[in-house]
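Everything below concerns the one structure shown next.
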Amino acid sequence: MEHTEANKEQEYIQYLVEHYDFKKEDFDEMDVVAFVEAYDLVADDCTSEEAHEIYEGSADMYRYTEMDRLYGFIDKDTDYAVKKDDKIVRIGVYLNEGVFAQKKVFDLTQKAYYTDDTNSVALSAEAIEKLSTIVSRYEVDAWEKTPEFTGTDTDSTANYAWRIVFVTEDGRNCSYYGGLGYNDPKHSAEVIEELMKLI
């Protein structure tokens, strides 16, 4: 089984419960991975009392808001790459064109999309079909995970950045990014344009 973000979260929770006497419920609605890695709580050089003090003092910083739950996956880099035959269940996109930045989430399971807030709007059957085939139509499986950085003009004040995350049916978050100064993957501009204009 691949080591997905969800697997890592469950392993960390189990570790915290077994080593520091926490309850599993202590980590409901919380970014456990960020919390554990911020305080290196799997290093075995922390006592149970110290771990509980860290939790009491900082756990609230890692509690999910509605916006975190909906859009948080877009900001996380992963090592996973999408495969041509993957079934995509969710797509997140971030686009910053310098003067305006926007995030969108397309949830193919719920047949809904979101733009910069928590209000859902229904996806049409045509939109779902386009989203379901976007990986194969634009050969996303051939994209480099880490695009080549070609540099930018140091006198330039221009800004352009994008991120796309494809979530597969088996739970892999396949993240890609690029923008100003990067050698963007073939067809990435078309994918971004389609996602931003789809609705």
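In the set (1) open to solvent by less than 60 Å² (accessible area, probe 1.4 Å); (2) part of a helix (DSSP H, G or I); (3) free of Cβ contacts under 8 Å to residues at least 40 places away in the same chain; (4) not charged (D, E, K, R), the condition left unmet by VAL191 is number (3). The C-beta contact set for region 44-56 (first residue closer than 15 Å to GLU18 by Cα and hydroxyl-bearing (Ser, Thr, Tyr), second residue open to solvent by less than 60 Å² (accessible area, probe 1.4 Å) and assigned to a helix (DSSP H, G or I), distance under 7 angstrom, 6+ apart or interchain) comprises SER48/TYR20.
Residues being over 24 Å from ASP79 (Cβ atoms) and open to solvent by less than 60 Å² (accessible area, probe 1.4 Å) are entirely absent from region 178-188.
Across region 27-39, what is the total count of residues that are assigned to a helix (DSSP H, G or I) and under 16 Å from GLU11 (Cβ atoms)? Spell out how you get there, then give the answer.
First pass over region 27-39, keeping only residues assigned to a helix (DSSP H, G or I): 27, 32-38.
Next, only the ones that are under 16 Å from GLU11 (Cβ atoms) stay: 27, 32-37.
Looking only at that region, the number is 7.
The values are calculated or read from the model by the stated rules, or taken from the named source; none is laboratory data. Keep in mind it's a predicted model, so treat the numbers as computed, not measured. Virtual Cβ from ideal backbone geometry, glycine too; neighbours counted across all protein chains shown. Just the protein is used for accessible areas: all its heavy atoms, side chains included, with ligands, DNA and RNA removed. Shrake-Rupley method; radii C 1.70, N 1.55, O 1.52, S 1.80 Å.
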